[in-house]
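To start, the structure itself, in structure tokens.
Each value in this text was obtained by applying a stated rule to the coordinates, not by laboratory testing. Everything numeric here is computed off the predicted structure, so don't read it as measured data. Using ideal geometry, Cβ is built from the backbone for each residue, glycine included, and neighbour counts are taken over all protein chains shown.
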Amino acid sequence: MPDIQNFITYSIFSGYKNLLAFTSTKQSLPTEKTRFTGDSPGIYTLNRELLAQKLGIEVTQLVFPRQTHTSCVAEISEIPECELKDTDALVTDKPGICICVQTADCVPVLLFDPEKSVVAAVHAGWRGTVKKIAAETVQKMISLYQCDPAKIVAAIGPSISPAVYEVGTEVTEAVQQSIPNPEHVIHRKPNGKHHVDLWAANREVLMASGLKPENIEMAEECSFTDNDRFFSARKEGADTGRMVSGMMLLP
């Protein structure tokens, strides 16, 4: 049985018995700088073992891509023999495969089609967000599994909040050019600085892809301000640990 007492779970997925959906916190795994991929297995082996133990599964059931802020979405039909490089979203309809992404201020997006029994896990930093990786993932669900986006339910997990996510012109211009309704996403503060709402940005992208607003849950928990619970690259440095967000169809 899963032991996810210190994990974030999502009410939008709570009614489905055939689904495991979660985001870890600093309290979930007793390691200081939790990582799940790396150049050496020594970086992540223990962390994956601890995560699998908590989830009540075998470590071989976990699938992590090497994330590089792309818009690449990989279909997982079986456990990969090699690491998936330059990939930032995973999708599967196979029970028993736990697809995962890791974040530390970037946005984890979890997707589930209960009719087709398809799940997806997405890593969306600002670059992935403006590349519309969430939309690319929905399109992959449609093309591979004939999913109806109106039936897909989604959760936008803990990540940096618009209250503290101050950005420069490179980001604001990219958002204006790419994200639907950018006025809901870019906020000008009294000091003249701009803040971007990555939660709202990904919500806009999902709705433009056909998801219903009522089918999208936003955790609205900030990795930067709630640093006791979450890792934050902006606050702690890029070498800090990572949260993991995952989806698995139960056999």
- Positive-end residue, the chain charge dipole about Cα centroid, Cβ charges, pick of SER159, VAL196, GLN146: VAL196
- Note on the structure: Looks like the range 1-90, by Cα gyration tensor root eigenvalues a ≥ b ≥ c and the a/c under 1.5 rounded cutoff (else prolate when a/b is bigger than b/c, oblate otherwise), is oblate
- Which value, in debye to the nearest 20, gives the size of the charge dipole of the range 93-251 about its Cα centre, when Lys and Arg are +1 and Asp and Glu are -1 at the Cβ? 240 debye
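Ranked from highest to lowest mean number of other Cβ atoms within 10 Å per residue, what is the order of the peptides 148-159, 82-93? The partial results should precede the final answer.
Working: 148-159: 22.3, 82-93: 19.2.
Ranking the peptides 148-159, 82-93 by packing returns 148-159, 82-93.
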- Message: Assuming a strict under-25 Å limit between Cα atoms, what lysine pair count do you get for the range 3-111 once near-sequence pairs (fewer than 8 apart, same chain) are dropped?
- Response: 7
- Item | Pairwise label distance in nanometres, VAL59 with ALA163, each label 7 Å out on the Cα-Cβ vector | 3.9 nm
- How large is ³J(HN,Hα) for each residue in the range 106-114, as worked out from phi by the Karplus curve 6.51 cos²θ - 1.76 cosθ + 1.60 (θ = phi - 60°), to whole Hz, x for Gly and Pro? 5, 9, x, 10, 10, 10, 8, 9, x
- Message: Just to be sure I understand: of the beta bridges DSSP finds with both ends in the chain, what percent are antiparallel, rounded to 5?
- Response: 75 percent
- Note on the structure: Classified through the alpha carbon gyration tensor (a ≥ b ≥ c as square roots of its eigenvalues; rounded if a/c is under 1.5, else prolate when a/b is larger than b/c, else oblate), the chain comes out oblate
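For n ≥ 4 DSSP H runs only, could you compute -39500 (n - 2.57) per run for the chain, divide by its residues and tell me the 222 nm figure to the nearest 500?
Values: 6 runs with 58 residues, N = 251.
Helix-only estimate at 222 nm: -6500 deg cm²/dmol.
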- Query: Rounded if a/c is under 1.5, else prolate if a/b beats b/c, else oblate: with a ≥ b ≥ c from the C-alpha gyration tensor eigenvalues square-rooted, which is the range 141-209?
  - Reply: prolate
- Note on the structure: Each label sits 7 Å from Cα toward the beta-carbon; between ARG127 and ALA150 the label points are separated, in nm, by 3.7 nm
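How long is the gain from SER178 to LYS33 if the chain were fully straight, where each residue apart is worth 0.36 nm and the alpha carbon distance is subtracted?
Details: separation 145, 0.36 × 145 = 52.20 nm, distance 3.38 nm.
Difference between extended and current length: 48.8 nm.
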